Amino acid sequence: VTARPFVVNVAELLRRPATQKTVHLSGRSEPGQVVDTAVSAGALLEADLVLESLSDGIVVSGQVTTAWDGICRRCLEPVGGVVTASVRELYRPQEVDDEAFAFTGDQLDLEPMVREAVLLELPLAPLCRPDCAGLCPQCGANRNEHDCGHTVDTTDVRWAALGDLLEQARLDHPEN
Ligand SMILES: [Zn+2]
Ligand SMILES: [Zn+2]
């Protein structure tokens with residue numbers, strides 16, 4: 001593990017436009033957070049990328065993966081997973097274009113781009129499982145773990161009421 005695992009030497013690519021270099025880079029994640037979801041502390045951040053030289057820059061494309069931690073938005077239990085982001089960015093020499101993705105000399109530092117890519121893909125409202133039953137609105141019990149006996153399902157109540165209204169409308173206007 002080198003000190004700057006996401007720095008790639010691109011001297012060879014810059015000398016020969018229209019050539020490619022494939023790299024697999026990995027380093028430890030630094031915590032980064034979006035609302036209640038965060039990149040797991042110390043998780044491995046991995047990038048499988050292809051660098052392709054153009055006459056005026058280098059296109060970097062591929063996939064970036066890391067682990068994340070969060071809280072289920074329904075039951076508030078800890079939840080985690082793996083996030084994969086697709087990336088495609090054009091890097092240009094600093095002296096030509098001083099945007100975010102620029103490089104100086106023959107060192108390309110992909111770390112800011114790699115970190116930003118996974119942060120953008122973090123789930124904003126994760127669920128511990130697709131059918132998580134959540135917390136009981138009456139007593140706060142975790143309904144995945146035990147049945148507190150309260151049967152409150154406002155969705156069903158509302159749909160039932162709508163069904164009654166439609167039925168009434170049909171009776172009021174039998175020609176429809
Ligand atoms: Zn849950
Ligand atoms: Zn309850």
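Nothing in this text is a laboratory measurement; each read-out follows from the coordinates by a stated rule. Computed from a predicted structure; not experimentally measured. Here the Cβ is made from the backbone with ideal geometry for all residues, glycine too, and neighbour counts use every protein chain on show.
Please list 3J(HN,Hα) in residue order for region 82-91, calculated via the Karplus relation 6.51 cos²θ - 1.76 cosθ + 1.60 where θ = phi - 60°; whole Hz, with x for glycine and proline.
Calculated HN-Hα couplings, in order: 10, 10, 10, 10, 8, 10, 7, 9, 9, 9 Hz.
Can you list the residues, at least 5 places off or on another chain, whose amide H is less than 5 Å from the amide H of VAL10, using H built in the peptide plane?
Here GLN107, LEU108 satisfy the definition.
How much net charge surrounds VAL7 when only other residues with a Cβ under 11 Å from its Cβ are counted (Lys, Arg +1; Asp, Glu -1)?
-2
Could you list which residues have their amide H under 5 Å from that of ILE71, counting only those 5 or more apart in sequence or on another chain, with H placed in the peptide plane?
VAL79
What list of ³J(HN,Hα) couplings, whole Hz, do you get for region 102-111 from phi and the Karplus terms 6.51, -1.76, 1.60, once you set θ to phi - 60° and write x for glycine and proline?
Whole-Hz 3J(HN,Hα) from phi for region 102-111: 10, 9, 10, x, 10, 10, 9, 9, 8, 4.
Work out the FRET efficiency for LEU54 and SER26 from their Cβ-Cβ distance, taking R0 = 25 Å, and round it to the nearest 0.05.
For LEU54 and SER26, the calculated efficiency is 0.40.
What list of ³J(HN,Hα) couplings, whole Hz, do you get for region 55-61 from phi and the Karplus terms 6.51, -1.76, 1.60, once you set θ to phi - 60° and write x for glycine and proline?
Each residue of region 55-61 in turn: 5, 10, x, 9, 8, 10, 9 Hz.
Rounded to the nearest 0.05, what FRET efficiency do GLU167 and ALA133 have when you use their Cβ-Cβ distance and R0 = 25 Å?
That pair, GLU167 with ALA133, gives E of 0.25.
Would you mind counting up the charge near PHE103? Only other residues with Cβ under 9 Å from its Cβ, with Lys and Arg at +1 and Asp and Glu at -1.
After counting each charged neighbour, the total is -1.
So what's the net charge close to ARG115: Lys and Arg +1, Asp and Glu -1, counting the other residues with Cβ under 12 Å from its Cβ?
Once positives and negatives cancel, what remains is -4.
Calculate the spin-label point distance for LEU44 paired with ALA3, positioning each point 7 Å from the Cα along the beta-carbon direction, and give it in nanometres.
With each label point 7 Å from Cα toward Cβ, the separation is 2.4 nm.
Taking 30 Å as R0, compute the FRET efficiency from the Cβ-Cβ separation of THR84 and ALA18 and round it to 0.05.
Here the calculated transfer efficiency is 0.60.
Pull out the extension gain between GLN94 and LEU76, defined as 0.36 nm times the separation in residues minus the alpha carbon to alpha carbon distance; nm, one decimal.
Additional length available on full extension: 1.9 nm.
Check LEU54: other-chain or 5+ apart residues with amide H under 5 Å from its amide H, H built from backbone geometry?
The answer is ALA18, VAL59.
Measure of size requested: the Rg and Dmax of region 1-143, with Cα atoms as the atom set and Å as the unit; please supply both.
Cα radius of gyration and Dmax of region 1-143 are 19.2, 68 Å respectively.
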